[in-house]
Amino acid sequence: MKIIRSPWRRVLCLGVVIGTLSACGGGGGGSNPAPSPSPGAGATGLWQGTFASSDGTSRGFGMLIAPDGRFAGIIDSTGLNGRFVLGTGNTLLNMFSATGTVFAQAGEGLLPNGQASDPLTISSGPVVTHVSLAGTFSGGGESASFALTYLGTTSRGASLQAIAGVYSGYPLLPGNVSTSSLVVNGNVVTFANDGGCNGAGTIEVIDATLNMYSWSMLIAACGGVTDHTVSGLATLADDTRGANGKRIELYGATAANELPFVFSGFK
């Protein structure tokens, strides 16, 4: 992603690039509720596929969905229509639904409704665990359907040892900022770019069997934006230059989703 002309264009946006059931048991003198599956049950994992917009364009679409229902994703661009999405979903009776925010990718055009970000809704999403996820998308003046396939890299697992390293990111502001870096050392994560933006926080494993992490960073005032905390999800992907598990991807935003943060870098 590149930076777009909006109030959040100066924050750290660069890019690559996601139901509660309950039951009661009876008998005897009483009963206790059975454990409820997590909101992301069935849909948890890394997903990749296509996003078919009502305007006739078809783009790539990747999502990361955590066990607690949090998701983040990147809708590829076919010109100036790239998107970043994040929010929280539920899986009920093998159907995935979610609400969140859709952002115009940095450096690209605004959303069809003329906004830089807007609420989104995902509905009618049949899930086949570890196989497929589909649904409909509505947000920012755009509607679409999508069909995703489960990625086997989900089961690579996660550890602080695996994700540790120094990652070099893509250019942040073309013609102004040329480098950025992210360092993971133990459970500490730090960010810096040569435009003067710096951040520090923590990162942790969500589930050792899943290739995903949870993180939070305080970003110091820079580029006209005051101090703010961003948090979200991360995964360790393959380096497109040939090395497995050498590319970190962080997706997140401030608590109210005003300022997004997306980082992709290689170690």
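Numbers at a glance
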read-out: Whole-number percent relative contact order across segment 78-174, with pairs defined as alpha carbons under 8 Å at least 6 apart; value: 19 percent
read-out: Difference of contour (0.36 nm per residue) and Cα-Cα distance, Ala200 to Ser143; value: 16.8 nm
read-out: Length-normalised contact order for segment 155-266 - Cα pairs under 8 Å, 6+ apart - percent; value: 20 percent
read-out: Extended-chain gain in nm, criterion 0.36 nm per residue less alpha-carbon gap, His130 and Asn187; value: 17.6 nm
read-out: Cα-based Rg of segment 54-169 normalised by 2.2 N^0.38 Å, two decimals; value: 1.13
read-out: Label-point separation in nm, Ala243 to Asn113, each point 7 Å along Cα→Cβ; value: 4.3 nm
read-out: For peptides 198-204, 106-112, 224-230, sequence by mean Cβ density within 10 Å, most packed first; value: 106-112, 198-204, 224-230
read-out: Dipole axis of segment 37-150 (+1 Lys, Arg; -1 Asp, Glu on Cβ), positive-most option in Ser58, Phe146, Pro119; value: Phe146
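Read-outs throughout are calculated quantities, based only on the coordinates presented, and are distinct from any laboratory measurement. Just so you know, these numbers come straight off a predicted model, no measurement behind them. Positions of Cβ are backbone-derived with ideal geometry, glycine not excepted, and every protein chain shown enters the neighbour counts.
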